[in-house]
Amino acid sequence: MTTDLDSILDRRATPSLKWDRHRNPSVIPIWVADMDFAAPPPILHALRERLEYGVLGYAIPTTQLVATVCSHLAREYAWTVDPDWLVWLPGVVPGLNASCRESRLSDPAGFLEANGVGLADGPMYGSPGFVRLNFACPRARLVEALDGMENGLRQR
């Protein structure tokens, strides 16, 4: 199965935060990590199977998913991760929030800004020295942002 990344899907006719927030056609909506291509066939297949089952509820990570994540971390980073160490969160921003709370920061947003990490859209995050974290950001930019946070924590 291949994923079609070349077809243009017009999302302006759908309820899309990316396209509906700024209706001015001269605004290029790159402030949110929302993709304008169809989900890959394996994902659509898995969703169809889940819908046909009929119960959507809240799922817990499967044994296969946990094993896949641990294998990926071992292969990519040479990390040996005990599955009990994994904490499953709904997104990057809640993860950063939890990390800041765990490190006992009194002002998480201020800490992130002071260390060059922006979590909201706006012109201030387009300036040099700031990184706006997106799920789809290049690995080098993510590493730069995480290094900035690590350095900030070490200086505390």
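Things worth noting here:
- Working from label points 7 Å from Cα in the Cα-to-Cβ sense, the Tyr77 to Val92 distance is 1.5 nm.
- Between segment 20-50 and segment 54-101, the alpha-carbon center distance in angstrom: 23
- The alpha-carbon positions of segment 25-71 define a convex hull whose volume is 167 Å³ per residue.
- Taking segment 1-59 and dividing mean pair separation by its residue count, relative contact order in percent (alpha carbons under 8 Å, at least six apart): 42
- R0 of 30 Å, Cβ-Cβ distance Thr63-Leu5: FRET efficiency to nearest 0.05: 0.40
- Prolate/oblate/rounded label for segment 1-112 (Cα gyration tensor, a/c 1.5): oblate
Values in this text are rule-based calculations from the coordinates and carry no lab data. Everything quoted here is computed from the prediction, not taken from an experiment. Ideal geometry is used to build each Cβ from the backbone, glycine not excepted, and the neighbour counts take in all protein chains shown.
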